[in-house]
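Please read the structure below before turning to the comments.
The values are calculated or read from the model by the stated rules, or taken from the named source; none is laboratory data. Bear in mind that the values here come from a model prediction, so they are computed numbers and not experimental data. A quick note on method: Cβ atoms are made from the backbone with ideal geometry, for glycine too, and the neighbour counts reach across all protein chains shown.
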Amino acid sequence: MIVRLVQRIGILLASLVVSSVLVFAFMAVLPGDPARVALGTSASDSAVAQLREQFGLDRSLVAQYFSWIHGLVTFDPGNSYISHAPIGPQLADRLQVTLWLVGTGMVIACLLALPMGTLMAVRHRKPSGLLLSALSQVGVAIPAFLAGILLITVFAVGLGWLPANGWTPPVQDPVLFLKQLVMPALSLGIVQAAVLTRYVRSAVLDVLREDYLRTARAKGLRPTRALLRHGLRNAAVPVVTVLALQLATLLVGSVVIERVFVIPGLGSLLLDSVANRDLIVVQDVVMIIAMAVLLVNFLVDMVYLLIDPRLRGGTS
Amino acid sequence: MRYLRRPTRGTGAVAATLACLLLASCSAGSTATGGSAGKNSLNIGLTAEPANFDFTKTEGAAIPQALLYNVYETLVKLDQSGKIRPQLATSWSLSKDRRTYTFHLVKNATFSDGARFTAEDAKFSIERVKTDWTLVQKTQMDVVDTVRAVSPTELKVTLKRPSNDWLYRMTTRVGAMFSRTGVSKLATEPVGTGPYVVKNWNRGDSITLARRHGYWARTPHFASVTLKYFKDPTAMNNALLTGTINVIGQMQSPESLYRFQNNSKYKVIEGTTNGEVVLSLNNGSGPMKNPKARQAVRYAIDHKALMDTCWAGRGKLIGSMVPPTDPWYQNLTDQYPYDRDRAKKLVKESGEAGRTLRLRIPTLPYATACGTVVKSQLEQAGFKVKLDQLEFPAAWLTTVFKNADYDMSIIGHVEPRDMQTVFGNKKSYIRYDNPEFRALLAKADQGTREQQITDMRAAARLVSKDAAADWLFLLPNLMVADKDITGLPVNSVSESLDLTGLGRS
């Protein structure tokens with residue numbers, strides 16, 4: 001168990017280093033000089049050179065890389081090239097907004113997918129199971145942004161029940177916060193639920209065919225109870241894997257959803273910073289997303305150990 | 001049962017962690033704003049967000065749009081008809097040799113940091129343009145010889161030579177008055193004498209301006225005005241339809257105006273701007289260096305059809321770099337009327353028919369909408385055109401504007417009276433180099449008002465005749481607002497979105 005944990009932490013750290021090098025390298029080859037963009041086209045070459053020096057862009061790429069990593073590790077990523085404001089508080093603020101979106105989206109996805117997927121598996125030969133299956137196919141085919149636009153058209157512009165876009169912090173106005181959260185979270189959640197449902201269905205179907213479940217039923221357990229007691233835990237391993245993958249999709253999906261719903265989250269910050277060549281902010285945001293994905297994968301590995309006792313022993 | 005207990009403990013821990021996260025993130029986006037405005041406040045939807053608040057070092061129209069006349073004031077300002085009016089100067093006079101301006105300043109103006117506004121601040125602000133600004137606009141103060149604060153309320157500015165343009169430029173950002181004690185953090189904490197102060201900036205979302213106590217002149221109607229920035233035109237339209245904003249300050253999707261025109265809840269305002277949508281031609285190198293090829297381009301474009309297709313027929317065809325609100329405006333659309341046969345003939349004569357033109361456009365709504373139409377019309381005249389979209393601002397600015405690595409592009413030049421900066425400088429990205437044109441501009445600046453108008457008209461005709469570029473159309477000032485909002489500017493003639501006259505009926 002301990003060996004496995006150390007192994008996993010080692011992999012996590014190595015992945016972080018590799019991804020940081022990749023992120024930095026991609027930013028370095030992007031066309032457009034950040035100092036020139038910050039000062040505008042009419043700035044003199046001497047003014048641009050002065051700003052390059054101020055930002056440290058005149059140093060070697062290796063020196064710039066280590067200076068960036070130092071800033072990240074010490075939680076002081078410095079100031080933006082463009083707005084001149086400290087990046088740290090801005091990142092924290094935007095990250096919280098995106099976490100609300102992704103978190104709520106994930107909860108909605110699970111709440112819909114787990115019962116529906118199980119139901120589809122149990123009734124896979126009955127009309128109700130087939131209907132649910134068809135519905136989930138439609139869900140898979142719809143991208144999140146289209147779901148968002150459809151929701152806005154119907155519930156905001158058409159019926160006037162919800163605001164079309166915007167964001168209000170929960171402490172400022174909890175009711176408005178919820179109203180503004182509903183549609184973006186649903187857009188993310190419904191689409192993810194459709195994908196997840198299919199995996200849950202397949203995992204539960206596999207479990208239903210297992211010998212141990214037949215044995216449990218032979219011992220007198222009712223089918224539902226047998227499934228709940230012995231089946232779901234076994235079905236959970238592949239489902240948790242998919243959940244982790246989907247969390248990454250949700251994070252990326254939120255970039256588009258934030259634009260559609262005009263939400264000042266991490267995704268909007270990323271898009272704006274790319275357009276303005278505020279490279280230091282872009283690097284930080286991409287790195288945060290990469291870190292989140294790697295961390296989730298690490299946690300999933302840990303969850304496997306919790307769910308499946310067979311994985312705890314040895315180093316296999 | 002053994003297996004069940006462990007997850008239960010785990011679930012408890014996960015639940016506790018989630019609860020902590022939830023509490024911590026209750027302030028998520030703590031600087032964000034949302035919801036509809038109250039009676040005493042106003043939400044305006046705009047497109048381009050300022051990169052920071054320092055327009056002395058950062059280019060672009062977004063910063064003066066938000067801050068000029070609202071947070072920063074100038075000695076003189078432009079009114080809706082484009083006339084120069086008093087602001088921090090109550091009156092001014094010009095000496096007989098037309099070189100010395102004497103300004104009489106208001107007595108009771110203060111900066112938002114508490115300091116009193118005096119002639120010393122005005123002297124400091126004018127001189128600072130030469131020493132500290134980095135923008136191209138700083139050259140507009142090169143003509144200033146000396147600045148003298150005669151008394152706290154009297155300022156004398158002596159120019160090296162007479163200049164008609166200088167007083168006009170004093171209505172723009174270079175004329176903004178700064179506090180001698182308030183320029184250390186211009187990028188984040190602007191200090192001006194205006195009726196509003198920046199209360200909050202939620203980057204990527206909105207800027208909130210709050211009415212300032214102790215403002216020296218008439219206080220504006222709205223206690224707070226929030227400028228909300230939308231990247232997507234549809235999202236901005238939806239925000240107005242659902243009451244999140246009260247005004248669309250810049251309509252970027254004229255084809256969707258019908259949603260508001262037949263609705264009694266809204267009013268639509270249509271006026272003119274300084275935004276000439278220019279089909280820029282590279283006069284310095286490549287196929288567009290050839291005058292006959294440039295002339296062919298001008299004949300090949302059917303401007304009316306183009307404007308109808310890509311901007312829903314809104315806007316004005318002007319055929320030159322001068323908008324109708326400038327005194328020397330003249331309609332030059334008949335200089336190169338649409339004539340495809342003539343264009344075809346010129347293409348053949350020019351010998352450029354076989355070469356591929358690189359039409360490199362920025363990713364901006366009007367440019368992407370017009371790009372395909374321009375390509376198609378030029379191909380019908382016999383040109384070969386390759387259309388590239390360059391990400392705006394970064395990639396377009398570097399490739400086209402800085403390095404002039406293009407043959408043709410499409411861009412809206414929105415700065416006021418910008419014929420000089422775009423065509424009067426042979427190093428500008430258009431690379432137009434005509435000494436006669438530059439001489440006309442210089443003469444216009446120094447002559448009497450009548451001479452100025454005559455010379456500027458001649459200059460506009462010359463640059464058009466040389467086919468230095470093609471002027472596709474003038475962007476309209478399209479605004480949509482709640483019916484009860486009053487005082488919205490019909491024309492957008494200055495660099496500022498002047499909020500001081502807005503009210504509610």
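Residues that are in contact with a Pro (Cβ under 7 Å, 6 or more places away or on another chain) and not acidic (Asp, Glu) within segment A:281-296 are absent altogether. Restricting A:LEU243, A:LEU228, A:LEU213, A:LEU270 to those that are assigned to a helix (DSSP H, G or I), touching a residue at least 40 places away in the same chain (Cβ under 8 Å) and among the aliphatic types (A, V, I, L, M) reduces the list to A:LEU243.
B:THR356 fulfils the conditions (1) hydroxyl-bearing (Ser, Thr, Tyr); (2) over 20 Å from the mean Cα position of the chain (by Cα); (3) modelled with pLDDT under 90 except for a single criterion, (3). Exactly one residue out of A:LEU306, A:LEU243, A:LEU266, A:LEU228 is touching a Cys at 6+ places or on another chain (Cβ under 8 Å) and either within 14 Å of another protein chain (Cβ to nearest Cβ) or modelled with pLDDT of 85 or more (or both), and it is A:LEU243. Would you check if A:ARG94 is within 21 Å of A:GLY267 (Cα to Cα) and among the basic types (Lys, Arg)? Spelling it out, A:ARG94 is indeed within 21 Å of A:GLY267 (Cα to Cα) and among the basic types (Lys, Arg).
Listed here are the residues, each with its yes/no results for (1) loosely packed, with under 13 Cβ neighbours inside 10 Å; (2) touching an Asp or Glu at 6+ places or on another chain (Cβ under 8 Å); (3) more than 23 Å from A:ALA292 (Cβ to Cβ).
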residue: A:VAL3; (1), (2), (3): yes, no, yes
residue: A:ILE11; (1), (2), (3): no, no, no
residue: A:VAL18; (1), (2), (3): yes, no, no
residue: A:VAL23; (1), (2), (3): no, no, no
residue: A:LEU30; (1), (2), (3): no, no, no
residue: A:ASP33; (1), (2), (3): no, no, yes
residue: A:ASP45; (1), (2), (3): yes, no, yes
residue: A:ALA49; (1), (2), (3): no, yes, yes
residue: A:ASP58; (1), (2), (3): no, no, yes
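Does B:VAL385 satisfy being at pLDDT 90 or above and touching a Cys at 6+ places or on another chain (Cβ under 7 Å)? Considered against the rule, which asks whether it is at pLDDT 90 or above and touching a Cys at 6+ places or on another chain (Cβ under 7 Å), B:VAL385 comes out as no.
Results for (1) crowded, with 16+ Cβ neighbours inside 10 Å; (2) free of Cβ contacts under 8 Å to residues at least 12 places away in the same chain; (3) hydrophobic (A, V, I, L, M, F, W, C); (4) assigned to a loop (DSSP other than H, G, I, E, B), shown as yes or no for each residue.
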{"site": "B:ASN108", "(1), (2), (3), (4)": "no, no, no, yes"}
{"site": "B:ASP121", "(1), (2), (3), (4)": "yes, no, no, no"}
{"site": "B:VAL129", "(1), (2), (3), (4)": "yes, no, yes, no"}
{"site": "B:GLN137", "(1), (2), (3), (4)": "yes, no, no, no"}
{"site": "B:THR146", "(1), (2), (3), (4)": "no, no, no, no"}
{"site": "B:LYS156", "(1), (2), (3), (4)": "yes, no, no, no"}
{"site": "B:ASP165", "(1), (2), (3), (4)": "yes, no, no, no"}
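Inside segment A:96-107, residues that are more than 8 Å from chain B (Cβ to nearest Cβ), surrounded by 20 or more Cβ atoms within 10 Å (Cβ to Cβ) and either hydrophobic (A, V, I, L, M, F, W, C) or outside any helix (DSSP H, G or I) (or both) make up a count of 3. Restricting the search to segment B:429-444, which residues are surrounded by 18 or more Cβ atoms within 10 Å (Cβ to Cβ) and either touching a residue at least 60 places away in the same chain (Cβ under 8 Å) or touching a Ser or Thr at 6+ places or on another chain (Cβ under 7 Å) (or both)? B:TYR429, B:ILE430, B:ARG431, B:TYR432, B:ALA444 - these are the residues of segment B:429-444 that are surrounded by 18 or more Cβ atoms within 10 Å (Cβ to Cβ) and either touching a residue at least 60 places away in the same chain (Cβ under 8 Å) or touching a Ser or Thr at 6+ places or on another chain (Cβ under 7 Å) (or both). The residue that is surrounded by the most Cβ atoms within 10 Å (Cβ to Cβ), counting only those in segment B:394-413 that are touching a residue at least 60 places away in the same chain (Cβ under 8 Å) and within 14 Å of chain A (Cβ to nearest Cβ), is B:SER409. For the condition in contact with a helix residue (DSSP H, G or I) (Cβ under 7 Å, 6 or more places away or on another chain) and more than 11 Å from chain B (Cβ to nearest Cβ), A:ARG217 qualifies.
If you go through segment B:172-198 and keep only what is assigned to a loop (DSSP other than H, G, I, E, B) and hydroxyl-bearing (Ser, Thr, Tyr), you end up with B:THR172, B:SER179, B:THR181, B:SER184, B:THR188, B:THR193. Residues in segment A:155-169 that are within 7 Å of chain B (Cβ to nearest Cβ), touching a Phe, Trp or Tyr at 6+ places or on another chain (Cβ under 7 Å) and either surrounded by fewer than 16 Cβ atoms within 10 Å (Cβ to Cβ) or touching a residue at least 24 places away in the same chain (Cβ under 8 Å) (or both): A:ASN165 alone. Against the test of being within 12 Å of another protein chain (Cβ to nearest Cβ) and either surrounded by 21 or more Cβ atoms within 10 Å (Cβ to Cβ) or of a type in the set (Ser, Thr, Tyr) (or both), the options B:ASN274, B:ASN238, B:ASN282 yield a single qualifying residue, B:ASN238. Within segment B:199-220, is even one residue small (Gly, Ala, Ser), outside any loop (DSSP other than H, G, I, E, B) and within 12 Å of chain A (Cβ to nearest Cβ)? Checked against the condition, which is being small (Gly, Ala, Ser), outside any loop (DSSP other than H, G, I, E, B) and within 12 Å of chain A (Cβ to nearest Cβ), segment B:199-220 yields at least one hit. Go through the residues of segment B:50-64 one by one and say whether even a single one is assigned to a loop (DSSP other than H, G, I, E, B), at pLDDT 95 or above and aliphatic (A, V, I, L, M). No: zero hits.
Residue-by-condition table, conditions (1) in contact (Cβ under 8 Å) with a residue 12 or more places away in the chain; (2) touching a Phe, Trp or Tyr at 6+ places or on another chain (Cβ under 8 Å):
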{"site": "B:GLN261", "(1), (2)": "no, no"}
{"site": "B:GLY271", "(1), (2)": "yes, no"}
{"site": "B:LEU279", "(1), (2)": "yes, yes"}
{"site": "B:ARG294", "(1), (2)": "yes, no"}
{"site": "B:VAL297", "(1), (2)": "yes, yes"}
{"site": "B:ALA300", "(1), (2)": "yes, yes"}
{"site": "B:CYS310", "(1), (2)": "yes, yes"}
{"site": "B:PRO324", "(1), (2)": "yes, no"}
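Give the residue that is surrounded by the fewest Cβ atoms within 10 Å (Cβ to Cβ), with candidates limited to residues of segment A:185-230 that are closer than 30 Å to A:ALA164 by Cβ and of a type in the set (Val, Ile, Thr). Among them, the one singled out is A:VAL195.
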